[in-house]
1. For the chain, what is the mean residue ellipticity at 222 nm derived from helices alone (per DSSP H run of n ≥ 4: -39500 (n - 2.57); sum divided by total residues; nearest 500 deg cm²/dmol)?
2. Could you compute the FRET efficiency for Phe57 and Ala108, with r as their C-beta to C-beta distance and R0 at 22 Å, rounded to 0.05?
3. Subtracting the Cα-Cα distance from 0.36 nm times the residue separation, let me have the gained length for Thr234 to His173 in nm, one decimal.
4. Two-decimal Rg/Rh of the chain from alpha-carbon positions, Kirkwood Rh?
5. Nearest 10 degrees is fine. How inclined is helix 96-113 to the longest principal axis of the chain, computing both from alpha carbons?
6. Once you treat every alpha carbon in the range 131-246 as an equal point and sum by Debye, what is log10 I(q)/I(0) at q = 0.18 Å⁻¹?
7. On full extension of the chain, what length is gained from Glu214 through Arg197, given 0.36 nm per residue of separation minus the C-alpha to C-alpha distance?
8. State the extension gain, in nm to one decimal, for the chain segment bounded by Ser205 and Ser74, taking 0.36 nm per residue of separation less the distance between their alpha-carbons.
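Any read-out appearing in this document is the output of simple, stated calculations on the displayed coordinates, not a laboratory observation. If you're wondering where the values come from, they're calculated on a predicted model, not measured in any experiment. No Cβ is skipped: glycine too gets one built from the backbone with ideal geometry, and neighbour counts run over all protein chains shown.
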Amino acid sequence: MLETLMRIAILSVLMLVLLPNSSQSSQAKDRYLYRAEFIQAAPGKLVELMDHYKARFRDPSSTGGEPAIWMRHSQGDHWDLLLLFPMVSYTEYYSFEQSARREAGETAFNNRVAPCIAWHEDIFVYGPPLAVVKAASAKASFFHVEIFQSLSGKQSELYREREMENSYQRALHRPENLIFVRDQGGAWDLFTIGFYRDLKHYAESSDVPEKDQEAAAKSAGFEGASKIGPYLRTLISTHHDTLAVSVR
């Protein structure tokens, strides 16, 4: 019991240290906090790893709060799973009550999954409210994940470019991307997730007439539809794309 109390006390101190101090996080209009975990399974261990997480999420008390919203890599980057854990805020996530709930099962769970993991990376991000993310996820089974590291001093402009692309998507009656902005953790500055019914829904953008694409791009602030990609690349040093599917 004493060890548990000491660990919670340490977490409370860390919570103060981890209070948002990144100028990037202030770019996010919606300041709901998430912990994003990118995981690459050990060879031959993906199914077992997913089974461990499924079992954990069936018991909400084991996570100390809401279960993660997660997806499985299909094509693209090298990670196998992306898990988005709702935190609300550092204050709430590292509160005595939530920390105590997680304490019971977290160590045992981590010991079980460790042999199944080859690589993982955590990043704390601010994004849309949980209700927005859950609503988008509930209707989707296919995802487009784009992960960006900006050039020095271009973080704000990169965020603005992502908003412009959402305006472009909106004008074409296409799903917008949800934007998640780094506060602490990995090297990425932000990532976006596009939510689609299926692969066909994702690919429907190719059916949009060129004149409509051009008009939408200009209304969003781009020079033209063909200039969207080149402009984005003036802002970034690294860009990873992944197509993913839902895990049920």
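1. Estimated from H runs of four or more residues: -11500 deg cm²/dmol.
2. After rounding, the FRET efficiency stands at 0.90.
3. Difference between extended and current length: 19.3 nm.
4. 0.99
5. 80 degrees
6. -1.00
7. Going from the current span to full extension adds 3.6 nm.
8. Using 0.36 nm per residue and subtracting the Cα-Cα distance, I get 45.2 nm.
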